[in-house]
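Here's the structure, in structure tokens; my notes come after.
The values are calculated or read from the model by the stated rules, or taken from the named source; none is laboratory data. Being a predicted model, the structure only gives us computed values, none of them experimental. Reconstructed Cβ throughout: ideal geometry from the backbone, glycine too, with neighbour counts over all protein chains shown.
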């Protein structure tokens, strides 16, 4: 039996236990921990063999994981995870909003995105979200980064955020973006998006930002993300997909919440937005006029 880590897992907060012990777990055990956080509904009712098959590990690996975090075995682990899902069960469960699309992959995908949004909203901490917004509002400079597919959320945030406050830059170019990164200093903010399997370049950027004294906001998929120790504020978005890729619907919802919050708190945000849209209209950027073109 593997050595039991100190501080036996608390029945009241198994997620806190996983967060504290994550760095001491093996790679396989980290995958188990991430699945517990990302999809507790599955773990709560799956047999140990079904859980093992999903991760392509042996059942004994999952049992050893339970021992590793101070539990008596898989049944006790399930008991604790089931407690995590009680609130969502009591909230009424999942509604099939795409029933008219049938039982195929399209309906499954759309319903899954809705579940991800609901799960993300349920997990978001309002205090943390307000802290992130205040950090961005108060910052001299804001830099935004996202690796691989997370780059899409970073790009969207940079475009929409720049319309309501200045000194925004998207870190881009090369495996390790530099440029505006080296300008960061104390009082500035780095906003990073990263989801499993996590871009290595984002890890380098986070370290560089912290070394320069900047505050770091991370939007990621798990409270036990490998970037949690680098984050001054950590916001989670559920992104697990049903196919070959993550779904970033909830990540974009978090981005929207941040941008809307910054716009509401930033002096002159409306004037800056209006000036930006006027300039885009002057350049005939869009097919539809942004101002005065319709009643919508």
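Listed by position, the helices (runs of 4 or more DSSP H) contained in region 14-82 that have at least 3 residues being closer than 22 Å to residue 115 by Cβ are 14-21, 27-38, 40-45, 48-55. Just one of the numbered conditions (1) at pLDDT below 70; (2) loosely packed, with under 15 Cβ neighbours inside 10 Å is not true of residue 88: (2). Here is the figure for region 153-167: residues that are closer than 15 Å to residue 215 by Cβ and surrounded by 18 or more Cβ atoms within 10 Å (Cβ to Cβ) total 0. Just one of the numbered conditions (1) within 30 Å of residue 182 (Cβ to Cβ); (2) free of Cβ contacts under 8 Å to residues at least 60 places away in the same chain; (3) assigned by TED's automatic domain parsing to the domain that holds residue 135 is not true of residue 244: (1). Restricting attention to region 190-230, the residues that are more than 16 Å from residue 33 (Cα to Cα), in a helix (DSSP H, G or I) and touching a strand residue (DSSP E or B) at 6+ places or on another chain (Cβ under 7 Å) add up to 6. Taking the numbered list (1) closer than 30 Å to residue 256 by Cβ; (2) modelled with pLDDT of 90 or more in turn, residue 40 passes all entries but (2).
Checking each residue in region 237-249 for being surrounded by 17 or more Cβ atoms within 10 Å (Cβ to Cβ) and either in a loop (DSSP other than H, G, I, E, B) or at pLDDT below 95 (or both) picks out 237, 238, 239, 240, 246, 247, 248. One residue stands out among those in region 142-152 that are touching a residue at least 60 places away in the same chain (Cβ under 8 Å) and surrounded by fewer than 23 Cβ atoms within 10 Å (Cβ to Cβ): the one that is nearest to residue 194 (Cα to Cα), which is 149.
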